[in-house]
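Below you'll find the structure, written out as structure tokens, and then a few comments.
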Amino acid sequence: MSSQQPSDEPVYDDRVYRSSMAVVTGVLLLALIAWLCGDAVVRGSGNTPWIALAVALCAVPLVVAFTIRPAVFANADRLRVRNPFRVIELPWAAVDSVRAGYSAEVLAEGSKYQLWSVPVSLRDRKKAARQQQPGRRGGVAPSSTDAQKPAEPHRAEADRVVEELRDLAERGASRPGAQGSVRVTWSYEIIAPVVAGALVLIVLLATG
């Protein structure tokens, strides 16, 4: 009777990539929605409170979907992309390429999936390109001591993340746990309240 030997490979937690600016924006928008709709519910008359509730039911999931929800989780075996309305799980063996043009994308099995939580900033790229020019280091000429040290090149955040994901893909593609096909799951917990809120809002406006 053969027993399975435990793997000697270390197990690491997922790397998580998300936009902190998007999260802050989402929290502020949710606070604004709560203030405006709450005021309409408390002080409104007629159909106004119900309209405010329908707007909140529709708007809150959308704000969460496009600001707080997006994230990318990566470990040694797979990449999990949580976009506004879908969750895509991609074993590294199924990933063909990870790239960042005007947006960060992963190509797998003939399809392209955008990484919503990794925004590409052309301004950040231009800043990184200026800092990589010979003889420039933040606009100050390097001293003789600094010149002897290898300068670590500044990278735009999206390009740095894509490079890390490429490295994980290259190292993990041959792992037994990284085999399989892409799996896409729709996030009905986001879609359902948006549709319900929109339908209720249409009915209230039509009958009001």
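What the table below lists for this structure:
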{"quantity": "Derived scalar couplings ³J(HN,Hα) [segment 56-73; Karplus, 6.51 cos²θ - 1.76 cosθ + 1.60; whole Hz; x for Gly, Pro]", "calculated": "4, 4, 7, 7, 4, x, 5, 4, 4, 4, 9, 10, 7, 5, x, 6, 10, 10"}
{"quantity": "In Hz, Karplus ³J(HN,Hα) per residue of segment 161-166 (6.51, -1.76, 1.60; θ = phi - 60°; x = Gly, Pro)", "calculated": "5, 4, 5, 5, 5, 4"}
{"quantity": "3J(HN,Hα) from dihedral phi, segment 179-195, Karplus parametrisation 6.51/-1.76/1.60, rounded to Hz, x for glycine, proline", "calculated": "8, x, 10, 6, 10, 10, 10, 6, 9, 6, 5, 9, 5, 4, x, 5, 5"}
{"quantity": "Residues whose placed amide H lies under 5 Å from that of Arg86, excluding near-sequence neighbours", "calculated": "Ser187"}
{"quantity": "Under 5 Å, built H, 5+ apart or other chain: amide partners of Asp96", "calculated": "Leu107, Ala108, Glu109"}
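No lab work stands behind these numbers, since they all come straight from the coordinates. Fair warning: this is a prediction, and the values are worked out from it, not measured in the lab.
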